[in-house]
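The values are calculated or read from the model by the stated rules, or taken from the named source; none is laboratory data. Small disclaimer: the values here were computed from a predicted structure and weren't measured. Methodologically, a virtual Cβ is constructed for each residue, glycine included, from the backbone with ideal geometry; neighbour enumeration extends over all protein chains shown.
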Amino acid sequence: MENNSLALAFQGGYESRRKFCWKIRRDISLGIARGLAFLHEEVQPHIVHRDIKPANILLDKNLIPKIADFGLSKLFRENISHAWKEYQVNNLQQLVDPTLDGEFPEEEAAQVLRVGLLCVQETASLRPQMSAVVKMLEDDEECSKHVSISKPGHLPDLKHLRIGNNHSSDGTASSKSSTSLSTTILIV
C-alpha cells in the first residue's frame, strides 16, 4: 500500500506523525470501524478478524484504511491498561498523540477513546456491535458517555447474574432455569 501500515505510519518521529491531523485520524478510525462492521455483520459468513492491530491496517494513497492479514492469532490479556487508568480519572485526553500539539476537539477525542474501551471489554457480550460503533463515531452526540464500561481483563459486576433452579412458593424446584445479565448498551 502507498502509505504502508498504520503501525509504520505512526512509528516515525514527530514530523512523520504530525502529518496526521485530528480529522485524518478520526476518518481512519471511522474507516476501520466501518470495515469491521462489514466483516462482523454484513458479509456472509460473518468474519471475526481476531488480530486487529496497527500493523494489520494498511493505508492507501488517500489514507483510506484497509484491513489486512486475516490469519487468526491468540489474544493476549493485559491486567490493566493505561487507557483504563486514564478513563477512571476522567483524563482520556492525555492519551491523544502529543504531536497534535493540542489541536483536536477534546470532547470528541474522549468520545473516540470511550468507544475504543467499549470495544475491548473482557466480556464479549458487553461489546457493542460494529454498526453501533460506527453510529457512535459518526454521531455528534456522546452516546458512549452514559454507558458503563467494564474494567479490561476482569469480569463485570455479576450481582445480577442468576443461574440455577427457580423455587416455587411451596418450596419445590421448578424445571425452569434462568440466566440473565442485566447490562444494556443503549444507543440514543
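General remarks:
- For segment 5-23, a residue qualifies if it is at pLDDT 80 or above and aromatic (Phe, Trp, Tyr), and the qualifying residues are Phe10, Phe20, Trp22.
- Sole exception among (1) at pLDDT 90 or above; (2) over 22 Å from Gln11 (Cβ atoms); (3) part of a helix (DSSP H, G or I) for Gly102, by number: (3)
- Residues in segment 84-138 that are among the β-branched types (Val, Ile, Thr) and more than 11 Å from the chain's Cα centre (by Cα) were compared, and the one that is surrounded by the most Cβ atoms within 10 Å (Cβ to Cβ) is Val96.
- Members of segment 50-65 that are in contact (Cβ under 8 Å) with a residue 24 or more places away in the chain, farther than 14 Å from Leu30 by Cα and assigned to a loop (DSSP other than H, G, I, E, B): Arg50, Lys53, Asp60, Lys61
- For His49: the one exception among (1) at pLDDT 85 or above; (2) crowded, with 18+ Cβ neighbours inside 10 Å; (3) not aromatic (Phe, Trp, Tyr): (1)
For every residue, the table says whether it meets (1) out of contact with any Phe, Trp or Tyr (no Cβ under 9 Å at 6 or more places or on another chain); (2) among the aromatic types (Phe, Trp, Tyr); (3) modelled with pLDDT under 85.
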residue	(1), (2), (3)
Glu86	yes, no, no
Ala109	no, no, no
Lys159	yes, no, yes
Gly171	yes, no, yes
Ser182	yes, no, yes
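- Counting only residues that are under 23 Å from Arg25 (Cα atoms), in a helix (DSSP H, G or I) and at pLDDT 85 or above, segment 116-155 holds 13 of them.
- Residue-level check: of (1) assigned to a loop (DSSP other than H, G, I, E, B); (2) touching a strand residue (DSSP E or B) at 6+ places or on another chain (Cβ under 9 Å); (3) surrounded by 14 or more Cβ atoms within 10 Å (Cβ to Cβ), Phe20 misses just (2).
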